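Please treat every number below as a calculation from the coordinates, not as lab data. Keep in mind that what you see is a predicted model, and the values were worked out from it rather than measured. Here Cβ is always computed from backbone atoms with ideal geometry, including for glycine, and neighbour counts include all displayed protein chains.
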Amino acid sequence: MGKCPGCGAWNTLVEEKPESEVKARVPKSASSSNGRTSNPPEPITEVALGPETRLKTGMVEFDRVMGGGIMQGSFSLIAGDPGIGKSTLMTELARFMPERTILYVTGEESKRQVKLRAQRLGVDTDRLLLLAETNVEAIGQAVRSCEPDLLIVDSIQTIFRPDLSSAPGSVSQVRESTASLLKMTKEDEFSTFLVGHVTKKGTIAGPRVLEHMVDTVLYFEGDRHHAFRILRSVKNRFGAANEIGVFEMRESGLHEVPNPSEIFLSERGYGVSGSAVICSLEGTRPILVEVQALVSPSSYGTPQRTATGFEYSRLQMLLAVLEKRIGLAFSDHDVFINIAGGVKLNEPAVDLGTAVAAVSSFRDVPTDTNAVLIGEVGLGGEIRTVSQLGPRLKEAAKLGFDRAVVPANNLDSTTAPDDLDVIGAKTLQDALDTVL
Ligand code: TYD
Ligand code: MG
């Protein structure tokens, strides 16, 4: 079939041959034969908890995303577009943990290429072992012989199981190879990172399948034309999801960015219309970012709307609310929204700042440069409450902002830092009156 009967998209179906022998491999769980089980349910209070051992890498941004270090026996997937820096990040782990045995399985590049990269990154340890191999069984042998603390498989799309007939990178190969590696990891209690060329749209084999199998899913994202890279945990069985780490790609590799707000705001224009500072909570971490808007009369019938780093449908909703509730005629204007620094934000609390930036550009009046805007905009033009206002305000005060416009309903439950003037807004109109 050329067309997916589910979603109507063309050429998206992937052929998968049934693998009869795979079925037979599924463990019949020895204990449950003849219906009797030697594995009775146990009260939760009596389940033994071994000591929790996390491997701290010393790379602060990375450790935070992992929930405080790499959990022993954990199985993680790091996914991202090709060329974003996944191999670089994995190689850097060796620089931070020279005393740990790391087995780096490279299926894409030669050992020489990996070595050249490692040299550039300043990795110089004989505990980093390279293996150019794509056969799961050979990887298993190598693991048994060198007993690594950390196994890195770059990338899962190149790995295959010889007993399956389908090609490496196909859904069944990716799934079955992952299952084999998972079994090894859990039995021998080391930690594994799989590198996967899977984008969020899942254009390559089996990303969804993988997400269910692994403990942690990290996305390495960023705009290739920007130096900033964001490592985001979208799933973490051992820590908070959506936690982010910010890195900068330089000649000498990835460098941690401990104060992302400062960097994201460093190129901010002052006294220019169409700019507003918002505070987005990424995981547990508040980050201040500039939203830029450009609104100009459209020269053609259909106005253009472009959103970079911001959800397109959300922008359309905000413009409709501004049109209906504030009475601004955006329908004959082009609107461009850009989140500075190449970050992607999808938290509702950034609505207010985005709407205000759009109005600021529409009227060509600069916003108050010392104000941070936080709030979700509802369809009625009301400002709705956001979660965790306290930490957001603290971050704003830390970076020297004087004022914050926040949802009025949040005020009772939040203590504001002393040097920050916090103003509650009930509606979009209130907020516009305050900062424009
Ligand atoms: P890489 O880690 O190979 O990407 P991936 O494994 O995700 O495909 O890195 C890709 C890019 O990073 C490459 O275009 C070059 C750049 N880079 C640097 O800018 N500095 C460096 O020190 C390194 C190693 C790579
Ligand atoms: Mg790579």
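With the chain treated as a Gaussian network of Cα nodes joined by springs under 10 Å, which of R144, R117, R285 yields the largest mean-square fluctuation?
Maximum fluctuation in the GNM of the chain, among the listed residues, is at R144.
Along each of its three principal axes, how wide is the spread of alpha-carbon positions in the stretch 378-436, in whole angstrom units, largest first?
Principal extents (largest minus smallest coordinate, Cα): 33, 24, 15 Å.
Could you tell me which chymotrypsin sites (Phe, Trp or Tyr not before Pro) in the stretch 266-366 are loop residues by DSSP with no more than 12 other beta carbons within 10 angstrom of their beta carbon?
Hits after loop and neighbour filter: Y270, Y300.
If you line up the Cα atoms of the stretch 332-436 on their principal axes, what length do they span on each, largest first, in Å?
Largest first, the stretch 332-436 extends 42, 31, 25 Å along its Cα principal axes.
Quote the convex hull volume per residue of the chain, based on C-alpha atoms, as a whole number of Å³.
Residue-normalised Cα hull volume stands at 206 Å³.
Please check: in the Gaussian network model of the chain (C-alpha springs, under 10 Å), which one of P43, P260, P417 has the largest mean-square fluctuation.
P43
How big is D, in µm² s⁻¹, for the stretch 141-184 by Stokes-Einstein at 4 °C and 1.567 mPa s if Rh is the Kirkwood radius over C-alpha pairs? The partial results should precede the final answer.
Details: Rh = 11.1 Å.
The calculation lands on 116 µm²/s.
Could you please tell me the mean projected area of the C-alpha convex hull for the stretch 355-400, averaged over all directions and given in square nanometres to one decimal?
Computing the convex hull of the Cα atoms and averaging its projections yields 3.9 nm².
Apply the Kirkwood formula to the stretch 103-237: the hydrodynamic radius equals the inverse of the mean of 1/r over all pairs of different alpha-carbon atoms; give it in Å with one decimal.
Every distinct Cα pair counted, the radius reaches 15.8 Å.
Taking every DSSP beta bridge with both residues inside the chain, roughly what % is antiparallel (nearest 5)?
So the antiparallel bridges in the chain amount to around 50 percent.
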